[in-house]
Amino acid sequence: MLDENSNSPIVVTHDAGARFTVQVRSHRLIVDQPHSGGGEDSGPMPIELLGASLGSCIAFYVQKFLQSRELPSAGMRVEVEQRSERKPSRVAEFIVRVVLPTPIPGAYAEMLERVARSCPAHNTLERSARVHVSIETPALAAA
């Protein structure tokens, strides 16, 4: 669910080495590279946040579905596996598993899959969001 704050910019600033701080509204996240990538492994890699976003979005929608039908949700989890590809370097595939704590009535299985696929993160990835990049630099002082 998108809220009225969804248009405020996410701001990323460099800390040191391969570590960055991400400011999302009033929340701060640390992203870094693993030691093998020249970082200190003090946070997830930026690319891992794509899978985290997808998994947590699906988890939210699944939990709301289960709650609205008074089905057990305690212990429910979502596992996301990211499969990489090179040329260009990217995530080529997400494998998502929704693991429920107890069986659900068969009539809900197909509905639950549709609910999981309806989250905004899934829709964004499936429909290829456009990305616009601009480079801004300060104006040079007149000599």
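The values are calculated or read from the model by the stated rules, or taken from the named source; none is laboratory data. All values derive from a computational prediction rather than experimental measurement. Neighbour counts are summed over all protein chains in view; Cβ atoms, including those assigned to glycine, are modelled from backbone coordinates with ideal geometry. Heads up: the accessible areas ignore ligands, DNA and RNA and are worked out on the full protein's heavy atoms, side chains in. Shrake-Rupley method; radii C 1.70, N 1.55, O 1.52, S 1.80 Å.
Annotations for the structure displayed:
- Lys, Arg +1 and Asp, Glu -1 on Cβ, resulting dipole of segment 42-83 about Cα centre, debye, nearest 20: 120 debye
- Value of relative contact order over the chain, rounded to a whole percent, pairs C-alpha under 8 Å and six or more apart: 16 percent
- By accessible area with a 1.4 Å probe, ligands and nucleic acids excluded, highest first: order of Asp15, Asp41, Asp32: Asp41, Asp15, Asp32
- Approximate shape of the chain as ellipsoid semi-axes (Cα gyration tensor, √5λ), whole Å, largest first: 35, 18, 16
- Karplus-derived HN-Hα couplings along segment 57-63 (A = 6.51, B = -1.76, C = 1.60, θ = phi - 60°), whole Hz, x at Gly and Pro: 5, 4, 4, 4, 5, 5, 4
- Judged by the gyration tensor of its Cα atoms, with axes a ≥ b ≥ c, segment 1-85 is oblate; a/c meets the 1.5 cut and b/c is at least as large as a/b.
- Dipole of segment 43-114, positive direction: furthest Cα of Gln63, Ala92, Ala74, with charges on the beta-carbon: Ala92
- Each residue of segment 119-134 was assigned a 3J(HN,Hα) from its phi angle through the Karplus expression (A = 6.51, B = -1.76, C = 1.60, θ = phi - 60°), giving 5, x, 5, 4, 4, 5, 5, 5, 9, 6, 4, 6, 10, 10, 10, 10 Hz with x at Gly and Pro.
- Taking Cα atoms only, the orientation of helix 106-117 departs from the longest principal axis of the chain by about 10 degrees.
- Assuming charge only on the beta carbon of Lys and Arg (+1) and of Asp and Glu (-1), the dipole of the chain about its Cα centre is about 280 debye to the nearest 20.
- Sequence of Arg77, Arg127 when ordered by accessible area, the most exposed leading, probe 1.4 angstrom: Arg127, Arg77
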